[in-house]
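Only one structure is covered here, and it is reproduced in the block below.
The values are calculated or read from the model by the stated rules, or taken from the named source; none is laboratory data. Just so we're clear, the structure is a prediction, and the values are computed from it rather than from any experiment. Every residue, glycine among them, receives a Cβ derived from its backbone with ideal geometry; neighbour counts consider all protein chains shown. These accessible areas exclude ligands, DNA and RNA; they are computed on the full protein's heavy atoms, side chains included. Shrake-Rupley method; radii C 1.70, N 1.55, O 1.52, S 1.80 Å.
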Amino acid sequence: MNTQVDFEVLRRRFPVLARKTYLNSGSYCALADSVRDAIVAYMDDRLLVGANWDVWVMKNESVRSLMAQVLSVTPDEIAVTASASAGINALASALDFHGPRNKVVVSDFEFPTNAQIWHAQEPRGGRVVHVAPDADGYIPLEQFARVIDERTRLVAVTHVCYRNGARLDIAGIARMAHEKGALLLLDTYQAIGAMTVAPRELGADFVVGGMLKYLLGTAGIGFLYVRSELIGQLVPSNSGWFAQEDVGAMDITANRPSDSARRFEAGTPPVVNCYAAEAGLKIILEAGTDAIERRVRGLTRRCLDGLASIGWPAVTPDDDARRGPMVCVPSRHVPELFGKLMQQDIVTSFRDDNIRASIHFYNSTDDIDRFIETMARQRARHSRQR
Ligand SMILES: Cc1ncc(COP(=O)(O)O)c(C=O)c1O
């Protein structure tokens, strides 16, 4: 990985940044020139060649292999999916909830899909238990320790909360799960691309994410990592022809799942999205996730300090180890504040009562300072602090 990357040069590859203060990567990334060119290349194929299946299938394989590099795992451990939900559903369909080990532990920080899909397993015998935050809004390890036990089959947790930017202690939760014989699923959607995510180091057995946010690709494509030792033990009932050992066999008499994580895929790959995702992943690998993480941590630090200096503290944890790339600020009239920021060409998003400033490597200190200056002017009307 390149630690000498020039982020100011990389920033020029995202045209919207010349016009907007774009603090919205937790919703949808800024579009890079090369990602746009990749989508145009697909269109040219369609116009001039018609169908180009051999190339398209290779694009899917390229995404698999680049995603494996980002996670420091092997391509055989990666399923390329249409969404995080698709990966979670495929995994759920392979788990058996009959018998005493039927509990799924989720946190109150989950994005809906990583709780709803587990609740959808209740008719199959699953039992979902939620872990709530402490009074300070964070969920420490002790809260997980109270519910993870010998009846737990799976702990399914988000890396970074989409509502408040808090980052969970995944390595600690994974250790706890494994001690009780449970498996760990990590939803890294709000972290991957902005931080180094290494499933083997974290102890995650499964990891899902999507490619439209910090991975710089597009909507309609995601991934599921499955630790190699587990693949052979899990047979998803959620399947399809691209999940088979031999996609070309066209055998309708049996289900013969691939011996790789491809068994968690389903139908025709999201071809155009593979073009965009491939180009996005290449930028992430060019910059290097360690360098990106350092840069993003510095920018979120500046943002938190700036907010504190104007007397409008964020709800995102101040501790570097407890936050991801998003800083969330509570407001009394959040849609109105969002609109005011938009009028100043500052693009954010909001959830609950929080404005979300989500920060990627292509943001600059000037972006953060502009955000803080504008927030300072809105403080009297919008901050809950007196
Ligand atoms: C943490 C998290 N998980 C999952 C998703 C969405 O998953 P899917 O790809 O199934 O739409 C999001 C989208 O914002 C998210 O923030």
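Does Cys303 satisfy the condition of being touching a residue at least 24 places away in the same chain (Cβ under 8 Å), surrounded by 23 or more Cβ atoms within 10 Å (Cβ to Cβ) and more than 23 Å from Ala243 (Cα to Cα)?
Details: touching a residue at least 24 places away in the same chain (Cβ under 8 Å): yes; surrounded by 23 or more Cβ atoms within 10 Å (Cβ to Cβ): yes; more than 23 Å from Ala243 (Cα to Cα): yes.
Against the criterion (touching a residue at least 24 places away in the same chain (Cβ under 8 Å), surrounded by 23 or more Cβ atoms within 10 Å (Cβ to Cβ) and more than 23 Å from Ala243 (Cα to Cα)), Cys303 qualifies.
Would you point out the residue of region 124-146, among those that are surrounded by fewer than 16 Cβ atoms within 10 Å (Cβ to Cβ) and within 19 Å of Gly99 (Cα to Cα), that is nearest to the ligand (Cβ to nearest atom)?
Here the answer is Arg124.
Count, please, the residues in region 158-172 that happen to be within 16 Å of the ligand (Cβ to nearest atom), in contact with a helix residue (DSSP H, G or I) (Cβ under 8 Å, 6 or more places away or on another chain) and either among the basic types (Lys, Arg) or farther than 23 Å from Arg351 by Cβ (or both).
1
Among the residues of region 177-201, which ones are in contact with a Leu (Cβ under 7 Å, 6 or more places away or on another chain), farther than 30 Å from Phe14 by Cα and away from the ligand (no atom under 12 Å from the Cβ)?
Ala177, Ala182, Leu183
So Ala90 passes all but one of these: (1) open to solvent by 30 Å² or more (accessible area, probe 1.4 Å); (2) under 24 Å from His178 (Cβ atoms); (3) part of a helix (DSSP H, G or I). Which condition number does it fail?
(1)
Which one is farthest from Cys29 (Cα to Cα) among residues in region 327-375 that are of a type in the set (D, E, K, R) and outside any helix (DSSP H, G or I)? Step through it out loud before you land on a result.
Applying the first criterion (of a type in the set (D, E, K, R)) to region 327-375 yields 332, 336, 340, 345, 351-353, 356, 366-367, 369-370, 373.
Now restrict to residues that are outside any helix (DSSP H, G or I): 332, 345, 351-353, 356.
Details: Arg332: 27, Asp345: 16, Arg351: 17, Asp352: 21, Asp353: 22, Arg356: 14 Å.
Filtering region 327-375 for residues that are of a type in the set (D, E, K, R) and outside any helix (DSSP H, G or I), the one farthest from Cys29 (Cα to Cα) comes out as Arg332.
Hey, any hits in region 100-121 for a residue that's under 30 Å from Leu341 (Cα atoms) and of a type in the set (D, E, K, R)? Give the derivation first.
Let us first name the residues in region 100-121 that are under 30 Å from Leu341 (Cα atoms), namely 108-113.
Narrowing the set further to residues that are of a type in the set (D, E, K, R) leaves 108, 110.
Yes, there is a match, as at least one residue in region 100-121 is under 30 Å from Leu341 (Cα atoms) and of a type in the set (D, E, K, R).
Could you list, ordered by first residue, the pairs with Cβ atoms under 6 Å in which the first is in region 79-95 and away from the ligand (no atom under 12 Å from the Cβ) and the second is modelled with pLDDT of 95 or more and among the hydroxyl-bearing types (Ser, Thr, Tyr), at least 6 apart or interchain?
Ser93/Ser237
For region 165-198, how many residues meet the condition of being open to solvent by less than 20 Å² (accessible area, probe 1.4 Å) and not in a strand (DSSP E or B)?
Initial filter on region 165-198 (open to solvent by less than 20 Å² (accessible area, probe 1.4 Å)): 165-166, 168, 170, 172-174, 177, 182, 184-188, 190-195, 197-198.
Keeping just the survivors that are not in a strand (DSSP E or B) gives 165, 168, 170, 172-174, 177, 182, 188, 190-191, 193-194, 197-198.
Residues that pass the stated criteria total 15.
I'd like to know if region 45-56 contains one or more residues that are in contact with a Pro (Cβ under 8 Å, 6 or more places away or on another chain) and more than 27 Å from Tyr138 (Cβ to Cβ). Steps first, answer last, please.
From region 45-56, those in contact with a Pro (Cβ under 8 Å, 6 or more places away or on another chain) are 56; that's our starting set.
Then keep just the ones that are more than 27 Å from Tyr138 (Cβ to Cβ); that gives 56.
Yes: one or more hits.
Just need a number here: residues in region 370-381 that are touching a residue at least 40 places away in the same chain (Cβ under 8 Å) and either of a type in the set (Ser, Thr, Tyr) or open to solvent by 50 Å² or more (accessible area, probe 1.4 Å) (or both). Please lay out each step first, then the result.
Initial filter on region 370-381 (touching a residue at least 40 places away in the same chain (Cβ under 8 Å)): 370-372, 375-376, 378-379, 381.
Pick out the ones that are also either of a type in the set (Ser, Thr, Tyr) or open to solvent by 50 Å² or more (accessible area, probe 1.4 Å) (or both) and you get 370, 379, 381.
Total meeting the criteria: 3.
Could you check region 102-123 and list, in sequence order, the residues that are touching a helix residue (DSSP H, G or I) at 6+ places or on another chain (Cβ under 7 Å) and either open to solvent by 50 Å² or more (accessible area, probe 1.4 Å) or within 10 Å of the ligand (Cβ to nearest atom) (or both)?
Thr113, Asn114, Ile117
Being open to solvent by 10 Å² or more (accessible area, probe 1.4 Å) and within 27 Å of Gly288 (Cβ to Cβ) is the requirement here; does Arg384 meet it?
On the way: open to solvent by 10 Å² or more (accessible area, probe 1.4 Å): yes; within 27 Å of Gly288 (Cβ to Cβ): no.
When the stated conditions are applied, Arg384 does not pass them.
Could you look through region 10-61, keep only residues that are at pLDDT 95 or above and of a type in the set (Val, Ile, Thr), and pick out the one that is nearest to Ala166 (Cα to Cα)?
Thr21
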